[in-house]
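The values are calculated or read from the model by the stated rules, or taken from the named source; none is laboratory data. Keep in mind it's a predicted model, so treat the numbers as computed, not measured. No Cβ is skipped: glycine too gets one built from the backbone with ideal geometry, and neighbour counts run over all protein chains shown.
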Amino acid sequence: MTNKTSEFILNTWYVIAWSDEVNRTLLGRTVAGVPVVLYRRLDGTATAIHGVCPHRFAPLAMGNLIEDRVQCNYHGLEFDCSGKCVKNPQSGGQVVDALHIDAYPLQEKHSLIWIWLGDRDKAQQQDIPDFSHLTDPARRTIKGLSRVNGGHQLMVDNLMDLGHFNYLHKAMAKLSTGFEDVKREVRQEGNTVFNNLLFPGCKPTVLFQSGFEDKDTIVDQFNDIRWDPIGLMRNQVGVTPTGRGREHGINQYGTHIVIPETVDSCHYFYGSSRNYSQDDETVDALFRQWQQRALNDEDKPMIEKIHALQPYLRANGRTPVMLSSDGAAVRVQRIVESMLKLEQEARKDK
C-alpha cells in the first residue's frame, strides 16, 4: 500500500489530465501530493497507478509500457493496471506483498480525466460537477494547461474574486463601467458556491466585440461563477443588449479547474467555450491570446509573487484585509477548511 498525505482532501474528484493528454506513452503527474502515472490500456481505457516504484523509488513515468503493464526502467519490476507487481526479474522472481502499489479509480467525462485518491467506497460518479459545455457541439472550445508555482487556494481566491480584472487584465477585459456599478449575488447550496455578477450599461469587451456589428453597442455583461470542491470552477460570461434577456445575447463558458500538486504548486486546467463566431479562426486566436496573456502572463506571476511572500506574512502574523468583493472566496475557504478537518479526524479514528 502507498502512504497518503494528510495535507490535502483526498475524498473528492480531482482532474488529473485532459483526455487527449493520455495515450500509450506514460504520463507522470502529481495531484494532492500523490505521484501518479497514467496511460491507456490496449483497449483504450485510461488507467492510473501510483507513480513510484516501491523498490528504489524510481519514477514509473520514466519506465516502459509493455502491453498493459508498466515496467520500471531501473530494475525491471512490472506492475499491472491494478497496481499488482506481476514480475520481479531480481531475487529469483519472488514477489512479496510490499511490492504491490495502489491503483486509483478514474472517470473520463467532459473531455477530462478525473481521479479519486481517497476511500474507494466514497467515489461516486454523480458527484462530478457538470462541465458538459466542454463537449457541447454547439460551442467552440479553446483550452490549455499550465503549472503554477503557488498554492492552490491562492489561485482559487483569484478566480472567485474577479475584482482584479479591470486592473490586472485591463488590456483585454476592462469594462467601460466600474465595479461601483456591479450587482452582485453570492449564495451557497450545500458545498457549491455561486458568485453572480452583473455589469449594466457597458460596452462589449474585446472578447465579445466579434458578436456585434457595432462595437460600441451598449450591453449588460454578466459573469456567473460556480465553485465545487475543491477547485472546480465554471463561469458563464456573456453580454446582451441592455435590458434584454440573455437569450438575445452571446456568451462563453469558462473552465477554470485548479488542482493542488504540492503545498507550493498547482495545475491549472482552463478553457473557453463560446456560442458565437465558431468558425472564425481570428476569434480562436483572440481567445488563445487571452488565455496566454491573462491567465499565464498576468494571473500566474501575480499568484507566484504572492505565494513567495507567505513565509514573511506568516512570520509577522499578517492576514488579508477583506473587501466586500471577497464574500464568495471566504465561503470557499470555509468549506475547504471544514472538509479537510473532517477528513483528518476520520483518518485519526482508523
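Evaluating R234 against the criteria (1) assigned to a loop (DSSP other than H, G, I, E, B); (2) crowded, with 21+ Cβ neighbours inside 10 Å; (3) basic (K, R) leaves one unmet condition, (1). Quick test for you: out of E185, E180, E213, pick the one residue that is surrounded by fewer than 21 Cβ atoms within 10 Å (Cβ to Cβ) and at pLDDT 85 or above. After applying the criteria, what remains is E185. Output yes when any residue across segment 280-293 is among the aliphatic types (A, V, I, L, M), surrounded by 13 or more Cβ atoms within 10 Å (Cβ to Cβ) and under 25 Å from L232 (Cα atoms), and no when none is. Yes, segment 280-293 contains at least one residue that is among the aliphatic types (A, V, I, L, M), surrounded by 13 or more Cβ atoms within 10 Å (Cβ to Cβ) and under 25 Å from L232 (Cα atoms). Here is a list of conditions, (1) at pLDDT 95 or above; (2) farther than 19 Å from S132 by Cα; (3) among the hydrophobic types (A, V, I, L, M, F, W, C), and A294 meets all of them except one; can you say which number that is? All conditions are met except number (1). Mind listing whichever residues of segment 336-350 are part of a helix (DSSP H, G or I) and loosely packed, with under 15 Cβ neighbours inside 10 Å? Matches in segment 336-350: E337, S338, K341, L342, Q344, E345, A346, R347, K348, D349. Among residues of segment 41-57 that are part of a strand (DSSP E or B), those with a beta-carbon under 8 Å from a residue that is modelled with pLDDT of 95 or more and of a type in the set (D, E) at least six positions away or on a different chain give the pairs A46/E108; T47/D68; I49/D102; H50/D102.
Out of segment 196-208, which residues are of a type in the set (S, T, N, Q) and surrounded by 18 or more Cβ atoms within 10 Å (Cβ to Cβ)?
T205
Contact map, segment 59-74: first residue within 18 Å of D43 (Cα to Cα) and touching a residue at least 12 places away in the same chain (Cβ under 8 Å), second residue surrounded by 16 or more Cβ atoms within 10 Å (Cβ to Cβ) and of a type in the set (D, E, K, R), Cβ cut-off under 7 Å, separation 6 or more or different chains; pairs are I66/E78; D68/D80; R69/E78; R69/D80; V70/E78.
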